[in-house]
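Worksheet: the structure to be examined is printed underneath.
No lab work stands behind these numbers, since they all come straight from the coordinates. Here the structure is a predicted model, which means the values were calculated and not measured. FYI the Cβ positions are ideal-geometry reconstructions off the backbone, even for glycines, and counts take in every protein chain you see.
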């Protein structure tokens, strides 16, 4: 009996001891971890999320945003992102303060997430390499500065590094080459300077490499093809120069490659043979200095879905092999020196949604095979040597086409009637810089889903038809440089039956409008941001209703015959940045209320009949004399002082 009792007491003692140890791990913080966390909290003087206010006592594993290993009791994860998700919403919190170097005391840390804390300042701790268990580091969207410390190269378990959207500068080229197990390196949107270190090519486990939106210079590393596991490469929006290294052909798992907006030159070196880069689906090379011909083998990239080669120096014909890109949905070739005909094989791209080949040297005629592009929604052929004379009827029969851009294509005659009844409602139509004659057709108002209409720089005459008042969605109207006459009244009625209207951009300059200015702002154009009525024959007085255009940022009424005094109501346009009223017959004084136009950056009141002293103060006194010259009765800064 006594032996059993002793055995029971021994078992209870062991269990109590073990329980106490376990309880100690979960409740008592490791001294180093505790010091690191409390020092971090001490460096923050404002936390709108309220999370740090709950950090007190010694049981750090219970603190919000902190996770621990149940077996060791050590802190393994810190999650304090700026964006906080709840069941109802996502909101941005802020922490203001500095990142304490003592965070490196948490030597068991695997995840450190301080991303999106827009007020977090300081530097990445130089001894961050002590966190050798770190797998994920999120320090994006902060105000951290300084260089990337060399000790990051000791974080051999690092899988993800997110340092974008800070103010970091500098680089530690050699140390980054030690990150053998790095799976994601995201340093974009900082403004790093210097070159991409060749040591990056040692990161053979790298899956994501994102350095976009920096100020990196130099060449792309010659041996970048050694990153065999790389799936996404984004070096866009930098100052990289030189040629694209041929080793990119060895990136067998690459699916996304963005090299756009740099200073790259030379020819496209890939693919050299079939089955290279078999998974590449998204390719952006636009805004560089690349040249030569588009490779005949380009069709070997059979997984391509979106391709942009726009704004380079490519020449020669569009290769027929593009027909092999069966998955292609978007093709951008704008702004090159491509010549010859559009290949007939382009009609085989059955999934194509967008085709843009504007601003090239492509010649006509267009192949009838393009009528097979049943899914095409956007077609831009503007500014080529097509000399279409007339719009092909099959264009208006494409079942999905909603955005059609044919500017500068040599089109003659009247706007064709078949555009009024296309299978898919037209949303954007650009027929500018052609030789169109006649009037704007009365049926134009039946295009009720039209958002953008550009008929500028043609030879259109007569009035704007009453039917334009039926436009429900029109946001952009550009009719400048025609011979349109009559009243502006119909334009001011566009969208007037719908709340707040829809127009944001209107350019009717360089026409022969004579009346209608008195209707401006009368329950219309409530969303208008840009309004240009210059170089017309408008007469009369600018009404006080102009002050109702609260969203207006640019107003140009220059080169008309407007008179009487300047409307004080213009001062109500608090967002106005540009005001051009020169070459009219305005009289009287400049309203003192114009001093309220605090956002005004461009002002021209020259060559009117204005008199009196220019109201003293900003912004009026900051403009040059040329803003006021030609008004013989004006005086005061910046003109000559007024005589007493």
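Observations
- The range 408-473 and the range 508-549 have Cα centres lying 22 Å from one another.
- Counting other Cβ atoms within 10 Å as a rough exposure proxy, the listed residues 632, 143 run 632, 143 from fewest neighbours to most.
- Distance between the modelled labels on residue 90 and residue 72, one decimal in nanometres: 3.3 nm (7 Å Cα→Cβ projection).
- Taking label positions 7 Å along the Cα-Cβ direction at both residue 640 and residue 339, the computed distance is 6.0 nm, reported to one decimal.
- Using alpha-carbon coordinates, inclination of helix 31-42 to the longest axis of the chain, degrees: 30 degrees
- Scattering curve values for the range 383-428, log₁₀ I(q)/I(0), Debye with Cα scatterers, q = 0.15, 0.24, 0.31, 0.33 Å⁻¹: -0.38, -0.93, -1.24, -1.28
- Cα→Cβ-extended label distance, 7 Å offset, between residue 461 and residue 48, nm: 6.1 nm
- Gain upon complete extension [residue 626, residue 574; 0.36 nm per residue less C-alpha separation]: 16.4 nm
- If R0 is taken as 35 Å, the Cβ-Cβ distance between residue 217 and residue 397 corresponds to a FRET efficiency of 0.10.
- The range 296-373-the range 235-264 distance, computed between alpha-carbon centres (Å): 21 Å
- Residues 580, 618, arranged from fewest to most other Cβ atoms within 10 angstrom of their Cβ, appear as 618, 580.
- DSSP beta bridge pairing in the chain, given as percent antiparallel to the nearest 5: 10 percent
- The order of 598, 589, 136, going from fewest to most other C-beta atoms within 10 Å of their C-beta, is 598, 589, 136.
- From the C-alpha gyration tensor of the range 317-416, square roots of 5λ in Å: 20, 16, 11
- Length gained when the stretch residue 389-residue 537 is fully extended (0.36 nm per residue, less Cα-Cα span): 50.1 nm
- A convex hull fitted around the alpha carbon atoms of the range 26-139 yields 99 Å³ per residue.
- Estimated from the Cβ-Cβ distance and a Förster radius of 25 angstrom, the FRET efficiency linking residue 602 and residue 512 is about 0.45.
- Against the chain, whose longest principal axis comes from its Cα atoms, helix 2-27 is set at around 30 degrees.
- Mean separation of Cα contacts under 8 Å (6+ apart) over length of the chain, as relative contact order %: 4 percent
- Percentage of interatomic Cα-Cα distances in the chain larger than 45 Å: 45 percent
- Compared with the direct C-alpha span, the chain from residue 263 to residue 229 gains 9.6 nm at full extension, assuming 0.36 nm per residue.
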